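Engineer: Handing you a structure now.
What follows draws every value from the coordinates through simple rules; no lab data is involved. Given the structure is predicted, the values throughout are model-derived calculations rather than measurements. As a convention, Cβ positions derive from the backbone with ideal geometry for all residues, glycine included, and neighbour counts pool all protein chains shown.
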Amino acid sequence: MSSASPVKARSQSSTDRLALLAAGFLPQERFLRMLTLERKRTERSHQPFILMMLESEELITGAVTIEKVLESLDSASRETDIKGWYRGSSVIGVLFTELGGSEASSAVTTLSRKVATALGRTLTSDQLEEIRLSFHVYPENWESDGTGGSADPALYADLVAGADMKKTARLAKRIMDIAGSASALILLSPVLAALAVVIKLTSKGPVLFKQTRIGQYGRRFTFLKLRSMYETEDHRLHEEYVKRLIAGKGVDEHGAESQQVAYKLTNDPRITPFGKFLRKTSLDELPQFLNVLRGEMSLVGPRPPIPYEFKAYELWHRRRLLMVKPGITGLWQVEGRSRVKFNDMVRLDLAYASSWSLWMDLKILLRTPGAVLSGSGAY
């Protein structure tokens, strides 16, 4: 039995690839670019889309015939839906777009049944066993299970692909985070000890304030600060303030509505007298070097939101949690700190996330002491 030569095999593979492209089947880079565009479109329209992934390692070897799979997908999708390689040559992606007002969950059920039926008409039972189907809905409900679920990585493969291109730089950033946070904790340990004593002497309660925050991809972690508030104060005042601020309906310290308000609540009655000093100097942030050591945060990045703050986010605000880890300092802190309005803060975070580099991190770190010493915009 003779086998095809490598040259003929490559020629056949090239012919198959051209045929796929002619049929509107996108290569991975273009498909992921369309995934990005669909997310942005949904941010504006709030109309959901569904990403279907069809995975089979056998697609590479040809045990599952690509032509038959595509024929099935064509019969189960519309011309406006987008098909292409989601990953390599082993995972096909289909974007079912413009779903309108249909419930995403019912749309998934309908599509799942429709695709499975179409595949069953063209593939053998053995071939069907080699295929895995999964459906992913955007926008996600990260809070749907009540436990604070994280983002679905399948919907952000384009961001992961971009991150892979900076693997060496990200490793260097992590090394810088570990070295910088460890050095800071050692050098500032006398300062931390002195501040802990003053906190205990001036108000009741623990030295450390622990709070649940949302990190990269929606993962929750315990955020650490030196306590600057009275222990018995609840957070409803701040929660209401944050919700109104994100909605563009902030109130000033006199209770009047204003569009020109600080990102942080001024004249906060929950803060102790010594707490005001801690916040003005940002000394309350020092325990976050422990969060950096644990890998939950970075020295430079967006600030991690409180869960009730995240619930008030618009869809496009969520992007600030996807591309990089949250940080102790960032562009918004050195560009104006709390004087920057919320939407502008998000835009600064997105600008940083899309173009960050080690050199940019170093520049932000070098500018941070000046912003802290000036106390401008800090409350």
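Engineer: When only C-alpha pairs under 8 Å and at least 6 residues apart count, what is the relative contact order of region 162-374, in percent?
Structural biologist: 23
Engineer: In whole Hz and in residue order, list the ³J(HN,Hα) couplings for region 295-302 that follow from phi through the Karplus curve 6.51 cos²θ - 1.76 cosθ + 1.60, θ = phi - 60°; x for Gly and Pro.
Structural biologist: Couplings: x, 7, 9, 10, 5, 10, x, x Hz.
Engineer: Please enumerate, by chain and number, the lysines with C-alpha under 20 Å from the C-alpha of residue 173, excluding those fewer than 8 residues away in the same chain.
Structural biologist: Partners found: 325, 363.
Engineer: If you don't mind, there's one more thing I want to ask. List the lysines whose Cα sits under 21 Å from the Cα of residue 200, skipping any in the same chain fewer than 8 residues away.
Structural biologist: Within the straight-line limit of under 21 Å, residue 200 reaches these lysines: 210, 225, 276, 280.
Engineer: What spacing in nm lies between the two simple spin-label points modelled at residue 357 and residue 235, each 7 Å away from Cα in the Cβ direction?
Structural biologist: The modelled label-to-label distance comes out at 3.7 nm.
Engineer: Efficiency by 1/(1 + (r/R0)^6): what FRET value for residue 55 and residue 212, r their Cβ-Cβ distance, R0 = 51 Å, to the nearest 0.05? All intermediate terms of the calculation are to be shown ahead of the outcome.
Structural biologist: On the way: r = 34 Å, r/R0 = 0.67.
My answer for the efficiency is 0.90.
Engineer: Right, another one. Going by how many other beta carbons lie within 10 Å of each one, how would you line up 174, 132, fewest first? The partial results should precede the final answer.
Structural biologist: Working: 174 14, 132 11.
Ordered by Cβ neighbours within 10 Å, fewest first: 132, 174.
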